[in-house]
Protein chains: 2
Amino acid sequence: MHESFNESTEMYLKTIRELSIDNDLIAISALARRLEVSTVSATEMVHRLEEHKLVEHTPYKGVQLTGIGCQHAAEIIRSHRLWERFLADHLNIPWARVHEVACRLEHATDTKLTEALDAFLGHPTRCPHGNPIPQAGGVLKTAVTTTLNTLKPGLTCEIIRIHPESALLLEYLASHDVKPGNQLHIDEIAPFNGPIMVTIGEKPHALGQEIATHIFVTVIGSDA
Amino acid sequence: MHESFNESTEMYLKTIRELSIDNDLIAISALARRLEVSTVSATEMVHRLEEHKLVEHTPYKGVQLTGIGCQHAAEIIRSHRLWERFLADHLNIPWARVHEVACRLEHATDTKLTEALDAFLGHPTRCPHGNPIPQAGGVLKTAVTTTLNTLKPGLTCEIIRIHPESALLLEYLASHDVKPGNQLHIDEIAPFNGPIMVTIGEKPHALGQEIATHIFVTVIGSDA
DNA sequence: GATATTTATAAGGTTTGCCTTATAATACCT
DNA sequence: AGGTATTATAAGGCAAACCTTATAAATATC
């Protein structure tokens, strides 16, 4: 039970796990999009991963992680989120930046290091962006949340997590006070997939529909 | 002024700097040996580095770092040694292991992260193996030391640093109490490049000549 | 100065992960 | 059922860093 596969392999495993809810099938096209490679390249790589028994590919349907693949993906995500905590809490690196730094560190991190880091941090349960940190065994507990794009005006919510994360997205959200723990009121939703007008801490913000799919919240009240 | 070159490039730069005292010429064969690649591959790579103005190659003589190359090497070594301090002091990873872990982390570390880490650690000056941590500008101060293999029996020394480091070497040294700060008495030196018999904290140890070249000490006393 | 050793170069190969373009197979929709 | 869109495969290529084997050039040694 040692370390890492190579970085590319790890990125695929991690991305598949990030994109799938409950280990459902992920379209290779979606995977390719997120990894910023061509679908041909992604297909090729998926074949390689399949040979290593890390994923299963159902042609024309999608990919999903095998047990080993899933376990390994969890380890990468675990180390990623622990690093994020360290970077944010101890090195004072800005909330929006820790993600991309952790993206690099995660591939240089073996199990022993991950566990040492976890102990140092006092076994945190969530990353700075609100996402749960898988446990050493790969188990992950997710709170019941909704994405902002599914809600109606008049509701007040607490921001719980941002997912999936990306450097650009986090930078944008940080500049609009969209961070876990903050309260948000849905003022209005413009028609034709227009922006969602919200208030966060007295300040109004307009959030696009696509961005809203990354914002997980729990409803805590209603105007009515 | 951004980040890293690729890992391979960084390994070459770092190794050249580690092997050279005072930026003197390093034989490509020595470089190849340390990097565990063929001399042909090392030569090839040196040409590539030369094109990027990171090294200068004098045929049949050796390589040396250019200003930029040297600066970059210093940054890698800086981050390496800072990581070692973090791993040893905060994560309680064993003295002999931190080197190889840091070897991976260093390539995932940019200048901002390095500086944040430096501040967190309180600007340490030496790694756990006694080697000086280059300053942000690349400046490095080395204490006046001798390697153990150059000394005569009857001398008492303080172990100052282990250099160059490698996982195997450190593991061996750790098991023989050869660590910076410890005192060492040279009991006897066997003929024909035989082992150096020493006493460290009441316990006798036999150290090979090659190993002795990695042990830097200062003489603090003599039997006579 | 001749020989042995070290160093450099040339030629051809491998692996990994990516690319593009083109075509074939399947799925989805009306 | 037919047409469009998606997905898969085939073919050919590229760059980086390695490899081996063979030969040539420079240096070191006797």
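Rounded to the nearest 100 Å², what's the accessible area chains A and B bury against each other, both chains counted, probe 1.4 Å? It would help to have the intermediate numbers written out before the result.
On the way: alone 11640 and 11670 Å², together 21830 Å².
By this definition, chains A and B bury close to 1500 Å².
Here the spin labels are modelled as points 7 Å beyond Cα on the Cα-Cβ line, and at B:Glu188 and B:Thr146 they lie 2.1 nm apart. Nearest chain B C-beta to the B/A rotation axis, reported as residue and distance in angstrom, is B:Ala108, 2. Taking A:Ser4, B:Ser79 and ordering them by how much accessible surface each has at a 1.4 Å probe, largest first, produces A:Ser4, B:Ser79. Rounded to the nearest 500, what is chain A's calculated 222 nm mean residue ellipticity when only DSSP H runs of at least 4 contribute -39500 (n - 2.57) each, over all residues? Mean residue ellipticity, 222 nm, calculated: -12000 deg cm²/dmol. Note: relative contact order over the stretch A:11-59, using C-alpha pairs below 8 Å and six or more positions apart, is 26 percent. Relative contact order of the stretch B:80-224: 25 percent, from C-alpha pairs under 8 Å at least 6 residues apart in sequence.
Averaging the Cα positions of each part gives two centres, and for the stretch B:66-90 and the stretch A:95-170 these lie 29 Å apart.
The residue among B:Trp95, B:Ile16, B:Ser4 whose Cα reaches farthest toward the positive pole of the charge dipole of the stretch B:1-140, with charges on the beta-carbon of Lys, Arg, Asp and Glu, is B:Trp95.
Could you work out the equivalent-ellipsoid semi-axes for the stretch B:1-122, taking the square root of 5 times each eigenvalue of the Cα gyration tensor, largest first, in whole Å?
Working: eigenvalues 150, 48, 27 Å².
The three semi-axes for the stretch B:1-122 are 27, 16, 12 Å.
Quote the charge dipole size of the stretch B:72-224 about the Cα centre in Debye, to the nearest 20; the model charges only the Cβ of Lys and Arg (+1) and of Asp and Glu (-1).
Details: 12 positive and 17 negative charges, 52 e Å.
Computed charge dipole of the stretch B:72-224: roughly 240 debye.
Around the Cα centre of the protein assembly as shown, unit charges on the Cβ atoms of Lys, Arg, Asp and Glu (plus for the first two, minus for the last two) sum to a dipole of about 180 debye.
With the contact rule set at Cα under 8 Å and sequence spacing of 6 or more, what percent relative contact order holds for the stretch B:1-120? All intermediate terms of the calculation are to be shown ahead of the outcome.
On the way: 128 pairs, mean separation 32.2, N = 120.
Once normalised by length, the contact order is 27 percent.
Between A:Glu56 and B:Ala224, the C-beta separation translates, for a Förster distance of 56 Å, into a calculated FRET efficiency of about 0.15. Decide, for the stretch B:91-155, between rounded, prolate and oblate: order the square roots of the alpha carbon gyration tensor eigenvalues as a ≥ b ≥ c, take rounded if a/c falls under 1.5, and otherwise choose prolate if a/b is larger than b/c, else oblate. Prolate shape, in that a/c is at least 1.5 and a/b is the bigger ratio. As a calculated quantity, the FRET efficiency between A:Asp177 and B:Glu100 at R0 = 30 Å, using C-beta atoms, amounts to about 0.10. Within the stretch A:114-144, what residues put their amide N at less than 16 Å from the label point 7 Å along the Cα-to-Cβ vector of B:Phe120? Residues A:114-124, A:127-129 qualify, since their backbone N sits under 16 Å from the label point.
Taking a ≥ b ≥ c as the square roots of the eigenvalues of the Cα gyration tensor of the stretch B:136-207, is the shape rounded (a/c under 1.5), prolate (a/b larger than b/c) or oblate?
Working: a/c = 1.88, a/b = 1.61, b/c = 1.16.
Note, shape of the stretch B:136-207 comes out prolate.
So which helices of chain A fit the span-like rule, where a helix is a whole DSSP H run, its Cα atoms reach 24 Å or more along the axis, and its mean Kyte-Doolittle is at least -0.5? It would help to have the intermediate numbers written out before the result.
Values: long enough: A:67-89 (33 Å, -0.20).
Helices meeting the criterion: A:67-89.
For the stretch A:87-133, a drop of 50 Å² or more in accessible area on going from the chain alone to the assembled protein chains (1.4 Å probe) is found at A:Leu91, A:Arg104, A:Leu105, A:Ala108, A:Leu113, A:Phe120.
Quantify, in whole percent, the carbon and sulfur part of the accessible surface of the stretch B:146-222 (1.4 Å probe; protein heavy atoms only).
Working: 2150 of 3750 Å².
C and S atoms contribute 57 percent here.
When +1 charges are put on Lys and Arg Cβ atoms and -1 charges on Asp and Glu Cβ atoms, the dipole computed for the stretch B:1-140 relative to its Cα centre reaches about 260 debye.
How do B:188-195, B:7-14, B:52-59 rank on mean C-beta neighbours within 10 Å, highest first?
Values: B:188-195: 11.4, B:7-14: 19.5, B:52-59: 15.0.
Result, highest mean Cβ count within 10 Å first: B:7-14, B:52-59, B:188-195.
When a/c is below 1.5 the answer is rounded, else prolate if a/b is larger than b/c, else oblate, so apply that to chain B with a ≥ b ≥ c taken from the square roots of the Cα gyration tensor eigenvalues. List each step's numbers first, then the result.
Values: a/c = 2.15, a/b = 1.42, b/c = 1.52.
Since a/c reaches 1.5 but b/c is at least a/b, the shape of chain B is classed as oblate.
The values are calculated or read from the model by the stated rules, or taken from the named source; none is laboratory data. Bear in mind the structure is a predicted one, so any value in this text is a computation, not a measurement. No Cβ is skipped: glycine too gets one built from the backbone with ideal geometry, and neighbour counts run over all protein chains shown. Side chains are part of the model used for accessible areas, which takes the heavy atoms of the whole protein and leaves out ligands, DNA and RNA. Shrake-Rupley method; radii C 1.70, N 1.55, O 1.52, S 1.80 Å.
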